[in-house]
């Protein structure tokens, strides 16, 4: 890491290295950070926008000493290239198909009531408190 500065990981990444960088900064397993983003996605929908914002503002290790405006410009360019290559790999019909399947599954589960536990009054506060306590305990070790 860059002397305590939050940077995206080049070695522990699935999409852009945001979760790997956060995990290294917090000194936790990257799987837990990825799980937190998935939980945030289903809990309130904020997981994806938060990931995208962090992707834009978090520098890579090799660009950490550059001005923030340059970092943001390079990250946005990288994001566009990553999305374009993903769409080209799957193809436009495949991408539309994946989006429609995910939307259909969401609405089906919601209609059948299988997502009702996500909106429980006590479930998510317990998960958040537990995750926060775990991070504090892990950080102090």
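What follows draws every value from the coordinates through simple rules; no lab data is involved. None of the values given here were measured: they were computed from a predicted structure. Neighbour counts are summed over all protein chains in view; Cβ atoms, including those assigned to glycine, are modelled from backbone coordinates with ideal geometry.
Sort 100-112, 5-17 by the packing proxy (mean of other Cβ within 10 Å over each peptide's residues), most packed first. Let's see the in-between values first.
Working: 100-112: 10.7, 5-17: 16.7.
Put in order of decreasing packing, that is 5-17, 100-112.
Sorting check: for 60-67, 77-84, which peptide has the highest mean count of neighbouring beta carbons within 10 Å, and how do the rest follow?
Working: 60-67: 13.8, 77-84: 11.9.
Order by mean packing, descending: 60-67, 77-84.
Taking a temperature of 10 °C and a viscosity of 1.306 mPa s, what whole-number D in µm²/s does Stokes-Einstein yield for the stretch 1-55 with Rh from Kirkwood over alpha carbon pairs?
Details: Rh = 11.2 Å.
Answer, rounded: 142 µm²/s.
If the chain between residue 27 and residue 99 were fully stretched, how many nm would it gain, using 0.36 nm times the residue separation less the Cα-Cα distance?
Values: separation 72, 0.36 × 72 = 25.92 nm, distance 3.41 nm.
Result for the pair: 22.5 nm of gain on full extension.
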